[in-house]
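K.L.:
The structure under discussion is supplied below as structure tokens; questions concerning it will follow.
The values are calculated or read from the model by the stated rules, or taken from the named source; none is laboratory data. All of these numbers come straight from a predicted model, not from anything done at the bench. Every residue, glycine among them, receives a Cβ derived from its backbone with ideal geometry; neighbour counts consider all protein chains shown. Surface accessibility is based on the protein's heavy atoms, side chains included, excluding ligands, DNA and RNA. Shrake-Rupley method; radii C 1.70, N 1.55, O 1.52, S 1.80 Å.
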Amino acid sequence: MTASTKTYRATTLTDALAQVRAELGPDAVVVRRREGLHGGVAGFFQKSVVEIEAHSGAGIDLRDDDAPAMPDVAPTLTREAATAGFAAALATATRNPEPRPYANPAIDAIPMARDSAPEVGPSMTALTAAAPDPAASFVAEPLAAPAAPPAPRPAAPPATHPEVDRVVHALRRAGITPAFADELVAEATDHGLPFADDEHAAALRPLVVRALARRLAVAPLRGPGAVAVVGSGGSGKTAVIARLATAYATAGRLPVAVIALRPKDGGAELARLLAPAGVPLSATDDVDGAGARIANLRRAALVLVDTPALPPRAGSERDALVADLNRLDLDEVHLALPAVLAGEVARDLLESARELGASRLAVTHADATARLGMALELAAEARTPVSYLADTATVRPAAAEDLAFALLP
């Protein structure tokens, strides 16, 4: 390179040419132009750079000592050609203000919006054959085309667990509908088996039990207050009242009293059931008197209220029962739901009980059917907690996993 040839660097070609013109004047001759990336950290955040070599063009041999000889077709460069080359380079910079930070013919062949017009280079383009100085801080880094991602493998269908058919059959036999049974088994296989120990990986039944238990809310009594049990005729509500009162009275930890509201037999059956435990009973048609007794006892005792049978149809009788229970200012109302009821009959009974303020289910006659799952599925579907499970002789607080295991013994 001759002593008068200088290198100019800028972020755009326009800025580089402006430096050349400012220092060497309008007659300057561009002998080389390069584009690339510069700076950054670890290959990131680099900036585009344009580098130009030029000289004043006044009587200087344009062939550098290190550059290849000029081709014979252009042994000399006239002043007019140099001026035209400078003008052409300036025109190129105006049309393409942002140079491409790569030099890859394969990428250049792809048409792009900002590169659709052919580039007009200076007339000295033939002199760009010289290799870049390895000691210079400017490094042109070509961009490599990204490799195509590998084709995704088709997912293998999950293997069927050997216990699925047996568990589904057991759920169906216990009164669970096919759709709910499939839902429980799918949760157990998809979200239970991946976390099972190796030695228990083949046991699907406990995982299905837990899936059902997660859907069951339970809410037995937790302290003193006024609690009524409602239900249709023959639902077992009076038996639930008597067994709860007997259990609390026998334990002797919480005082208990029973009120029979408008009993058809004058409270004779309930009095017979309560006599062995010595539980006091008040059988009355006076709703206001019952309310006053509840107000006196509710802070320190458990007051259980047996109610008239829930009318099967809406009407004046049901409206009167709703009004009576509202006047008693009860803390909780539980529906005695026979385990033998299913489908729309059970749903209609629950909907009617909600008009009375019922927010708990006491599942009764649990030993009268092997299809306990009907009542439990309704509780899960209606998002209503189960409070007690009662059979012919006993009543016990509901526990979610115990209820679920009852379906899959």
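K.L.:
Tell me yes or no: at least one residue of the stretch 223-230 is open to solvent by 60 Å² or more (accessible area, probe 1.4 Å), part of a loop (DSSP other than H, G, I, E, B), closer than 15 Å to ASP331 by Cβ and of a type outside the set (Lys, Arg).
P.N.:
Yes, the conditions are met somewhere in the stretch 223-230.
K.L.:
I'm checking my understanding of the structure. Among residues of the stretch 374-409 that are under 13 Å from VAL218 (Cβ atoms), of a type in the set (D, E, K, R) and touching a residue at least 24 places away in the same chain (Cβ under 8 Å), which one is most open to solvent (accessible area, probe 1.4 Å)?
P.N.:
Among those residues, the one meeting the criterion is ARG383.
K.L.:
Considering only residues of the stretch 345-364 that are charged (D, E, K, R) and either open to solvent by 70 Å² or more (accessible area, probe 1.4 Å) or in a helix (DSSP H, G or I) (or both), which is farthest from LEU403 (Cα to Cα)?
P.N.:
Step by step, filter the stretch 345-364, then rank; the result is GLU355.
K.L.:
Among ALA379, ALA393, ALA300, which is assigned to a helix (DSSP H, G or I) and of a type outside the set (S, T, N, Q)?
P.N.:
ALA379
K.L.:
To continue, here is another question. Tell me, yes or no, whether the stretch 365-373 has at least one residue that is open to solvent by less than 10 Å² (accessible area, probe 1.4 Å) and hydrophobic (A, V, I, L, M, F, W, C).
P.N.:
No, the stretch 365-373 contains no residue that is open to solvent by less than 10 Å² (accessible area, probe 1.4 Å) and hydrophobic (A, V, I, L, M, F, W, C).
K.L.:
Which condition number in (1) part of a helix (DSSP H, G or I); (2) free of Cβ contacts under 8 Å to residues at least 24 places away in the same chain is the one that LEU212 fails?
P.N.:
Evaluating LEU212 over (1) part of a helix (DSSP H, G or I); (2) free of Cβ contacts under 8 Å to residues at least 24 places away in the same chain leaves (2) as the failure.
Okay, residues lined up against (1) open to solvent by 20 Å² or more (accessible area, probe 1.4 Å); (2) farther than 23 Å from ALA323 by Cβ; (3) free of Cβ contacts under 8 Å to residues at least 12 places away in the same chain; (4) assigned to a helix (DSSP H, G or I):
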residue: ILE241; (1), (2), (3), (4): no, no, no, yes
residue: PRO263; (1), (2), (3), (4): yes, no, no, no
residue: GLY266; (1), (2), (3), (4): yes, no, no, no
residue: ALA271; (1), (2), (3), (4): yes, yes, no, yes
residue: PRO308; (1), (2), (3), (4): yes, no, no, no
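K.L.:
Within the stretch 244-254, is even one residue within 19 Å of GLY357 (Cα to Cα) and open to solvent by 50 Å² or more (accessible area, probe 1.4 Å)?
P.N.:
no
K.L.:
Kindly indicate whether any position in the stretch 331-344 is open to solvent by 20 Å² or more (accessible area, probe 1.4 Å), out of contact with any Lys or Arg (no Cβ under 8 Å at 6 or more places or on another chain), modelled with pLDDT of 95 or more and under 24 Å from ALA219 (Cβ atoms).
P.N.:
So far as the stretch 331-344 goes, no, none of its residues is open to solvent by 20 Å² or more (accessible area, probe 1.4 Å), out of contact with any Lys or Arg (no Cβ under 8 Å at 6 or more places or on another chain), modelled with pLDDT of 95 or more and under 24 Å from ALA219 (Cβ atoms).
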